[in-house]
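The following block contains the structure, expressed as C-alpha cells.
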C-alpha cells in the first residue's frame, strides 16, 4: 500500500543525496503504478485546493486539486518538477521564449496530456500552462526541487503572452473553493 510518509522520505533522500529530478520521477512512477492507492492515502478530492505535504528550501511536495475546466496561465518554476496524476486529467501546453522579444513574449512549442496514472518530469527551464479539461476535479501530486512558494518566478499574461512576475497569492486563490 502506498504511504505518503514513505514517498516524502524517498523524495527527500533523492534530493539530499544529490540526485536530480530523474530519481524523483522514478519515485513518482512507482506511486503512479497504483493511483488509487495514492488517492486513498491523500483522500478522494471533494474540493479544489493547493495543499502542501512537505516544504523545505530544496523540496516542495504538493497535493493539487484542480477545479473543472480550470486553467493556470503560462508560468515557469525555475526549478525542476515532477507531476503525477492520481485522478482526472491535466493538459499542459509548453511554451518557448521568442528570441530578442523586448516584452519577453512566448510562443507555443508543444503539448502533453496526463491522465490518471501518468507522470512527467519537467526541467527547470520549462514554461507551461495547465488546464483541467474535464468536468470534474483532478487530483495531482506535484514535487518541486526547491521552495515552490518563495522562488522568484514568472508568468505570462494570457492575452499578450508578455512576461511579468508571478503572483503566488493569485495562484493560491485560484485553487480555493470560492
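Values in this text are rule-based calculations from the coordinates and carry no lab data. Remember, predicted model here, so these are calculated numbers, not experimental data. For neighbour counting, all protein chains shown are included, and Cβ atoms are generated from backbone atoms with ideal geometry for every residue, glycine included.
To the nearest 0.05, how large is the calculated FRET efficiency for residue 33 and residue 170 if R₀ is 22 Å and r is the Cβ-Cβ distance?
0.05
If you project the alpha carbons of the chain onto their three principal axes, what span does each projection cover, largest first, in Å?
Cα extents, longest axis first: 51, 40, 27 Å.
With a cut-off of 20 Å, note down the residues of region 72-88 whose backbone N falls inside the zone around a label point 7 Å from the Cα of residue 20 toward its beta carbon.
Those under the cut-off are 76-84.
Can you divide the C-alpha Rg of region 48-125 by 2.2 N^0.38 Å and report the result to two decimal places?
1.23
Still on this model: With a cut-off of 20 Å, note down the residues of region 144-159 whose backbone N falls inside the zone around a label point 7 Å from the Cα of residue 108 toward its beta carbon.
Only 155-159 fall inside the zone, counting backbone N under 20 Å.
Taking a virtual spin label 7 Å from the Cα of residue 47 along the C-beta vector, which residues in region 103-145 bring their backbone nitrogen under 18 Å of it?
136-140
Continuing with this model, one more query. For a test of the definition: using alpha carbon positions, the gyration tensor, and the 1.5 limit on a/c, classify region 1-69 as rounded, prolate or oblate.
Because a/c hits 1.5 or more and a/b exceeds b/c, region 1-69 counts as prolate.
Right, here's the next one. So what is the 222 nm mean residue ellipticity for the chain from helices alone, if each DSSP H run of at least 4 adds -39500 (n - 2.57) and you divide by all residues, rounding to the nearest 500 deg cm²/dmol?
Helix contribution divided over all residues of the chain: -6500 deg cm²/dmol.
Spin-label point model (7 Å from Cα, Cβ direction): what's the residue 13 to residue 125 distance in nm?
Between residue 13 and residue 125, the simple spin-label model gives 3.2 nm.
Here's another thing I want to ask about it. Helix 21-32 versus the longest principal axis of the chain: what is the Cα-based angle in degrees, 0 to 90, to the nearest 10?
Tilt of helix 21-32: around 50 degrees.
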